[in-house]
Amino acid sequence: MNFRFITLGLLALIALQSSCSMDKPTTPPNIVWIVSEDNSKHYMSLFDENGVETPNIENLANDGVIFNRAFSNAAVCSAARSTLITSCYGPRLASHYHRKMECIQLQDSMEMFPAYLRKAGYYTTNNAKEDYNIIKADNVWDNSSKKASWRNRKKGQPFFHVQNFGTTHEGCLHFTEEEYRTHKTKCKPEDCFIQPNHPQTDLFKYTNAFYRDKIVQMDQEVGNIINELKKDSLLDDTFIFYYGDHGGVLPGSKGYLYETGLEVPLVVYIPKNYRHLIDIEKGSMTNGFVSFVDFGATVLNLAGVEVPKNMDGKPFLGKGVSKKQLETRNETYSYADRFDEKYDMVRAFRKGKYKYIRNYQPFNFDGLMNNYRYKQMAYREWCDLYEAGQLNEIQSAFFKPKQAEALYDVETDPFETNNLAKKPELKDKLLEMRSKLEKWEISMPDLSFYPEHFLLKNAIGDPASFGQAHKKELNGYLHIANLSLASFDSVEGELKSYLKSNDPWERYWALIVCSCFQKEDSKLISLTREIQKNDPELINRVRAAEYLGLTKIENPVSAISNALYESTDSAEALLILNSVVMLQDGQHKYSFNLKMDKIQKVILENKLVKIRLDYINAK
């Protein structure tokens with residue numbers, strides 16, 4: 001045996017190992033988020049054949065990973081960003097109502113995730129949009145402003161920086177009739193793909209082209225930030241996430257739990273000096289599902305910071321995450337309640353190619369007036385064409401009552417136009433998806449089974465703890481809500497017993513179920529009339545009148561108007577006004593003539609209430 005060669009071999013191996021360990025940096029990586037507003041993946045050729053080229057984002061992907069299945073958990077800014085900053089689901093915290101009437105308070109044991117980075121020595125900056133529905137503590141950002149930059153950190157200090165771009169925000173499509181006539185887009189309108197549920201009109205083609213121009217402009221801004229990082233010699237040490245803050249922004253996307261409102265572009269650039277942290281090749285793509293609830297947890301994991309147990313999200317990159325594990329992820333949850341002045345409680349669950357949507361108040365049709373949405377000319381045209389009877393069945397669905405649950409194969413039906421929920425061959429899949437969604441709602445629990453105005457009065461100081469303390473009640477309300485999924489005959493007795501409950505929110509959900517069934521049953525009519533006259537909760541009087549109006553048993557206008565006049569709570573009044581607009585603009589066209597001098601002054605001071613009243617009075 002030649003000991004000399006063995007010794008030399010061992011020394012060479014030790015030297016190699018030493019060299020490899022010296023190659024790994026001893027400090028944690030820098031992390032940058034570049035966030036564009038209101039754009040789903042559908043408008044970028046990197047993700048969709050109908051999109052435009054975005055060369056700067058594409059260059060990032062060459063040295064990174066394309067995530068083909070990345071999702072916001074909410075379809076509007078503040079709800080999505082509140083999920084991002086906490087890595088917690090919105091309905092667990094009541095942080096998902098847009099826009100906030102009041103900010104919620106986190107539990108003492110919870111922090112916005114950049115606070116954990118600061119404790120670990122990071123310099124944290126945000127430029128500049130926050131839009132959180134949560135009270136922000138002083139320990140979150142070193143700087144959050146339009147001047148925030150990584151360049152103000154201490155020498156050698158790792159940083160986490162968020163750069164927001166509003167170029168693609170919904171407001172960019174609020175162009176005027178004159179601009180529509182005179183401004184020529186670079187993208188050719190005649191070449192733009194128009195979704196099958198949209199009218200195939202010149203205005204929709206122009207709106208698509210206009211928006212694609214904005215995507216191109218946004219990509220140039222992304223390139224500017226990348227160049228600044230390159231100028232500072234930071235690219236070898238900095239993970240860069242590019243993503244959209246939720247879907248949008250053509251009609252029926254932002255604000256809705258369809259894939260165009262939820263599925264976002266996501267590219268993560270992997271820096272040369274930290275490739276050892278990532279078990280996936282650069283320049284590759286993955287179909288593993290990742291959601292906004294996971295983003296904060298992922299940043300902490302990349303930074304080597306322990307992910308708190310009270311976060312709902314799970315890391316999708318970094319230590320302990322293999323390529324195989326990433327590829328097996330195939331589920332995402334989403335939620336919607338109030339967008340500005342419009343209420344509609346909807347939950348959704350996607351697993352693989354199947355998407356399940358639960359509409360808890362299906363009589364609230366998608367096209368229900370939402371002032372900010374209808375500032376867009378394309379929205380107004382869509383509605384006008386519906387009223388004129390010039391749309392086909394698929395295009396008209398936006399303005400009609402929905403089914404309580406929907407099931408879509410989003411691979412063959414990406415714009416969710418063919419509801420498969422009643423297909424006998426998919427019954428097992430429907431029940432599986434329904435069960436998964438229910439278990440998720442129970443696990444949080446989902447606070448939205450209380451009306452928002454009740455939460456503002458009773459839970460705003462610590463919603464998460466309130467939910468745990470009232471888990472039994474919340475799960476009971478979910479059970480009542482789900483009576484609408486059974487046949488009326490099988491739940492008739494149970495439904496009537498809940499209408500007589502001493503718990504106001506059991507009565508509340510029983511009334512909503514009555515409106516879902518819209519059965520003309522003499523006992524139901526008797527019970528709901530009694531509630532309409534005498535219930536101590538004004539919103540229950542409204543829900544009772546709503547049922548009687550939807551079934552055309554009696555005109556609901558007087559009862560609902562009187563409840564509004566009696567209300568001294570602006571959030572309660574806003575929910576009442578939602579029923580007014582639904583009954584006014586829906587299929588029965590009830591005519592409301594609200595007396596402004598009868599509405600309490602404190603109600604009229606609320607901006608969202610004023611928007612609703614202006615619309616109703618204009619009608």
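Things worth noting here:
- Counting protein heavy atoms only, the chain has 48 percent of its accessible area on carbon and sulfur, 1.4 angstrom probe.
- Convex hull volume per residue for segment 449-603, taking Cα atoms only, in Å³: 110
- All C-alpha pair distances within segment 186-316, sorted into 5 Å bins from zero, spread as 2, 8, 13, 16, 17, 15, 12, 9, 6, 2, 0 percent across the bins.
- Mean Cα-pair separation over length for the chain, i.e. relative contact order, pairs under 8 Å, 6 or more apart, %: 16
- Formal net charge of residues neighbouring Thr332 (Cβ-Cβ distance under 13 Å; K, R +1; D, E -1): +4
- Each Lys or Arg adds one and each Asp or Glu takes one away; over the other residues whose Cβ falls under 12 Å from the Cβ of Ser591, this sums to +1.
- Leading residue at positive end of dipole, the chain (Cβ point charges), from Tyr379, Tyr132, Gly255: Tyr132
- Charge tally for Lys323 (other residues, Cβ to Cβ under 9 Å; Lys, Arg +1; Asp, Glu -1): -2.
- Alpha-carbon centroid distance for the pair segment 538-560 / segment 263-328, whole angstrom: 50
- Relative contact order of segment 536-619, defined on C-alpha pairs under 8 angstrom at six or more residues apart (%): 30
- Overall dimensions of segment 298-390, expressed as equivalent-ellipsoid semi-axes from the Cα gyration tensor (√(5λ), whole Å, largest first), are 39, 16, 14.
- Each 5 Å bin from 0 upward holds the following percent of the Cα-Cα pairs of segment 389-455: 3, 13, 16, 18, 16, 16, 10, 6, 1.
- Angle between the chain longest axis and helix 377-387 axis [Cα atoms, degrees, rounded to 10]: 40
- Relative to the longest principal axis of the Cα atoms of the chain, the long axis of helix 504-517 makes an angle of roughly 80 degrees.
- Interchain or long-range residues, amide H under 5 Å from Tyr123's placed H: Phe159, Phe160
- About its Cα centre, the dipole of the chain is roughly 1100 debye, where the only charges are +1 on Lys and Arg Cβ and -1 on Asp and Glu Cβ.
- The smallest convex shape that holds all Cα atoms of segment 567-613, its convex hull, gives 63 Å³ per residue.
- Gap separating the Cα centres of segment 379-414 and segment 218-253, nearest whole Å: 34
- Mean separation of Cα contacts under 8 Å, 6 or more apart, over the residue count of segment 279-324: relative contact order %: 44
- Residues of the chain: accessible area per residue with a 1.4 Å probe, Å²: 41
- Comparing the chain with the 2.2 N^0.38 Å rule of thumb, its C-alpha radius of gyration ratio is 1.03 (two decimals).
- Convex hull volume per residue for segment 365-485, taking Cα atoms only, in Å³: 160
- Between the beta carbons of His479 and Lys188, assuming R0 = 45 Å, the FRET efficiency works out to 0.25 to the nearest 0.05.
- Global form of segment 235-393, assessed from the alpha-carbon gyration tensor, a/c cut-off 1.5: prolate
- With respect to the chain, whose longest principal axis is taken over its alpha-carbon atoms, helix 522-534 is tilted by about 80°.
The values are calculated or read from the model by the stated rules, or taken from the named source; none is laboratory data. Just so it is clear, the model here is predicted, and its values are computed rather than measured. Here Cβ is always computed from backbone atoms with ideal geometry, including for glycine, and neighbour counts include all displayed protein chains. Keep in mind that these areas ignore ligands, DNA and RNA; they rest on the heavy atoms of the full protein, side chains included. Shrake-Rupley method; radii C 1.70, N 1.55, O 1.52, S 1.80 Å.
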